[in-house]
Structure formats: C-alpha cells, structure tokens
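Note sheet for the following structure.
Please treat every number below as a calculation from the coordinates, not as lab data. Remember, it's a predicted structure, so these values are computed and weren't measured experimentally. Backbone-built Cβ (ideal geometry, glycine too); neighbour counts: all protein chains shown.
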C-alpha cells in the first residue's frame, strides 16, 4: 500500500520594509551584506530590493523586534553602529529606516 504524501501547511506571512536610503548613499555594498546577513538568520525569509527599500516577507509569528535586533547586530559587526541606527517607520508602513545618527561636537 502506497503512503500518501503529506501536504505542506501554508505559512501565513507578513511584509516588513527596511528603508536603506541613507545606508546606500555611503556604500551600496553594505545593502547586499545586510540582506545576506538577515537571510542567514531568518528561516522562511524572502528578500526583494525595490530601489532604496528592502522588502522582507517573513512568517506571521515572527517579531519585528527581532529584525531590529538583526539590523543593530549587522551595524555593530560592520563597525557602522556609531554612525547609523534603526528607527521604526510609521505603524501603517511596518518596518524600519536605517538612519544616520546626529553628530554632536
């Protein structure tokens, strides 16, 4: 008797936007490195780049706070932590913007 194949459950997803405008001005290489870094950390992730934004498709139960921590970790590892920080976008956009830190003399 042949076994029936198990059907894969469809995973509910949500979109998270990362605005990388200010980071890509300094060096476009950092954008590719950030996408690769987050892709290694998150399971079931799809990344698309649309201009100056990264569009992440993650599982519904994945916390946006984790994405913020991954961005902060990437900035720390690439020694950009003193120059940039992740800031939450408006609630309707659901994502983060990598923003340059203000410089005070």
Q) How long is the chain along each principal axis, judged by its Cα atoms, biggest number first, in Å? A) 76, 28, 23
Q. Given Cα pairs under 8 Å that are at least 6 residues apart, what percent is the relative contact order of segment 1-102?
A. 33 percent
Q. Rounded to the nearest 500 deg cm²/dmol, what is the calculated helix-only ellipticity per residue at 222 nm for the chain, with -39500 (n - 2.57) per DSSP H run of length n ≥ 4?
A. -9500 deg cm²/dmol
Q. Within segment 62-105, what residues put their amide N at less than 11 Å from the label point 7 Å along the Cα-to-Cβ vector of residue 29?
A. none
Q) So if R0 is 30 Å, what FRET efficiency would residue 60 and residue 90 give, r being the distance between their Cβ atoms, rounded to the nearest 0.05? A) 0.90
Q | Added length on full extension, which subtracts the Cα-Cα distance from 0.36 nm per residue, residue 69 to residue 100 | A | 9.5 nm
